[in-house]
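Undergrad: Take this structure, written in structure tokens, and hold onto it; I'll ask about it next.
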Amino acid sequence: MIKIENVRKSFGGKEVLKNISMTVPTGTVTVILGPSGSGKTTFLRTLNFLGRADSGTITFNDNSVDLHNASPKEIIQVRRSTAMVFQMYNLFSNMTALGNVMEGLVTIRKKKKREARDIAMKCLYEVGMETYSDYYPVQLSGGQQQRVGIARALAMNPQIILFDEPTSALDPELVGEVLAVIRKIARELKVTMIIVTHEIAFAKEIADQVVFMEGGNVIEKGTAEDVLIHPHELRTQQFLTRYLAISGSSDSGREK
């Protein structure tokens with residue numbers, strides 16, 4: 001069980017996260033939805049100390065860490081328990097796919113290179129990229145680069161993986177391959193995940209819990225059916241109606 005409580009964050013006097021709390025049961029998928037600027041990415045970054053929160057706590061296995069006052073040692077502990085998959089892949093351009101996945105194992109986990117290579121190859125296999133292990137990022141499509149990024153996260157054996165809109169930078173035809181990999185990891189490996197995404201249909205299929213955010217607040221949360229099919233809050237209803245209408249128009253345009 002991972003508990004996140006009372007997370008606040010301001011930029012230049014503007015509060016962008018307003019007392020955010022949620023519980024993520026082990027082995028489940030939490031999807032966060034909301035309009036641009038609602039604080040979704042900022043929230044993920046505070047959990048991994050890519051940006052320090054003004055207040056709040058994260059608790060792993062009854063070990064609670066203050067997100068504002070954490071010591072360097074505590075930050076390292078949290079980062080070892082979490083892994084981040086970014087919008088823009090963030091691969092090292094001078095390393096092969098294998099090298100990118102091995103890097104954290106060698107430098108952070110202090111694994112010997114042979115062991116790190118074995119783990120990295122297994123993770124590349126899990127995302128369908130084992131035959132591309134010697135390719136550099138420039139030789140890979142966006143979808144393939146993102147799958148390497150997911151393998152890199154898996155290799156660290158985190159308690160939770162944080163996905164920050166993992167398909168937003170991809171061409172439409174590449175989105176499916178990345179979503180398929182995430183779906184496989186969730187179903188077969190039972191990895192705990194928090195996923196920020198706009199893929200509503202995917203969220204309906206994969207999410208154990210859906211959280212709708214706007215203006216730095218949690219407006220509604222519950223099961224996928226509760227939030228996405230039978231939302232209680234008017235703002236959630238408005239967002240879903242507008243988003244699905246826009247998505248439907250885009251699909252019609254592509255079909256023509």
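The values are calculated or read from the model by the stated rules, or taken from the named source; none is laboratory data. Source: prediction; values computed, not measured. In this analysis, Cβ positions are derived from the backbone assuming ideal geometry, glycine residues included, and neighbour counts consider all displayed protein chains.
Undergrad: Please go through region 155-198 and give me each residue that is among the acidic types (D, E) and under 14 Å from Q87 (Cα atoms), ordered by number.
TA: Scanning region 155-198 gives D164, E165, D171.
Undergrad: Filter region 39-86 down to the residues that are in contact with a Gly (Cβ under 6 Å, 6 or more places away or on another chain) and under 23 Å from L179 (Cα atoms) and list them by number.
TA: G39, K40, R45, V85 - these are the residues of region 39-86 that are in contact with a Gly (Cβ under 6 Å, 6 or more places away or on another chain) and under 23 Å from L179 (Cα atoms).
Undergrad: Also, I was wondering about something else. Find the residue count for region 143-158, including only residues that are farther than 18 Å from E177 by Cα and either hydroxyl-bearing (S, T, Y) or in a helix (DSSP H, G or I) (or both).
TA: Total satisfying the criteria: 1.
Undergrad: With (1) over 30 Å from K40 (Cα atoms); (2) small (G, A, S); (3) not in a helix (DSSP H, G or I) as the list, and A116 as the residue in question, which single condition is left unmet?
TA: Only one criterion in (1) over 30 Å from K40 (Cα atoms); (2) small (G, A, S); (3) not in a helix (DSSP H, G or I) is unmet by A116, namely (3).
Undergrad: Next up: Considering only residues that are surrounded by fewer than 19 Cβ atoms within 10 Å (Cβ to Cβ), touching a residue at least 40 places away in the same chain (Cβ under 8 Å) and over 17 Å from V24 (Cα atoms), which ones fall in region 203-247?
TA: G215, N217, L240, Y243, L244, S247
Undergrad: Kindly indicate whether R114 is surrounded by fewer than 23 Cβ atoms within 10 Å (Cβ to Cβ) and either hydroxyl-bearing (S, T, Y) or over 22 Å from the mean Cα position of the chain (by Cα) (or both).
TA: Values: surrounded by fewer than 23 Cβ atoms within 10 Å (Cβ to Cβ): yes; either hydroxyl-bearing (S, T, Y) or over 22 Å from the mean Cα position of the chain (by Cα) (or both): yes.
Yes.
Undergrad: Then there is this: Pick out the one residue from E103, E126 that is surrounded by 17 or more Cβ atoms within 10 Å (Cβ to Cβ) and farther than 24 Å from R183 by Cα. Show your work before the answer.
TA: Numbers: E126 fails: farther than 24 Å from R183 by Cα.
Just one listed residue meets the conditions, E103.
Undergrad: On to the next question. Please verify whether region 70-87 includes one or more residues that are assigned to a loop (DSSP other than H, G, I, E, B), over 28 Å from E173 (Cβ atoms) and within 15 Å of the chain's Cα centre (by Cα). If you could, list the steps in order and put the result at the bottom.
TA: Of all residues in region 70-87, those assigned to a loop (DSSP other than H, G, I, E, B) come to 70-71, 86-87.
Now restrict to residues that are over 28 Å from E173 (Cβ atoms): 70-71.
Those left that are additionally within 15 Å of the chain's Cα centre (by Cα): none.
Checking region 70-87: not a single residue is assigned to a loop (DSSP other than H, G, I, E, B), over 28 Å from E173 (Cβ atoms) and within 15 Å of the chain's Cα centre (by Cα).
Undergrad: Okay, moving on. When I32 is evaluated against the numbered criteria (1) part of a strand (DSSP E or B); (2) farther than 21 Å from I200 by Cα; (3) not basic (K, R), which criterion, by number, is the only one it fails?
TA: (2)
Undergrad: In region 44-56, which residues are over 24 Å from E225 (Cα atoms) and not in a loop (DSSP other than H, G, I, E, B)? Can you show your working first?
TA: Just the residues of region 44-56 that are over 24 Å from E225 (Cα atoms), to begin with: 45-56.
Across region 44-56, the qualifying residues are R45, T46, L47, S55, G56.
Undergrad: Are any residues in region 178-191 surrounded by fewer than 18 Cβ atoms within 10 Å (Cβ to Cβ), in a helix (DSSP H, G or I) and either touching a Ser or Thr at 6+ places or on another chain (Cβ under 9 Å) or modelled with pLDDT under 90 (or both), and if so, which ones? Don't jump to the end; show me each part of the working.
TA: Residues of region 178-191 surrounded by fewer than 18 Cβ atoms within 10 Å (Cβ to Cβ): 180, 183-184, 187-190.
Filter again for in a helix (DSSP H, G or I), leaving 180, 183-184, 187-189.
Once the filter is applied, which keeps residues that are surrounded by fewer than 18 Cβ atoms within 10 Å (Cβ to Cβ), in a helix (DSSP H, G or I) and either touching a Ser or Thr at 6+ places or on another chain (Cβ under 9 Å) or modelled with pLDDT under 90 (or both), region 178-191 yields R187, E188, L189.
Undergrad: Moving on to the next point. Checking L174 against (1) within 28 Å of Q209 (Cα to Cα); (2) part of a helix (DSSP H, G or I); (3) at pLDDT 95 or above: exactly one of these is not met. Which one?
TA: (3)
Residue-wise test of (1) surrounded by 19 or more Cβ atoms within 10 Å (Cβ to Cβ); (2) over 24 Å from E74 (Cβ atoms).
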residue	(1), (2)
S10	no, no
G27	no, yes
V31	yes, yes
L47	yes, no
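Undergrad: Of the residues that make up region 132-142, is at least one over 23 Å from G176 (Cβ atoms) and either touching a strand residue (DSSP E or B) at 6+ places or on another chain (Cβ under 9 Å) or among the small types (G, A, S) (or both)?
TA: No: zero hits.
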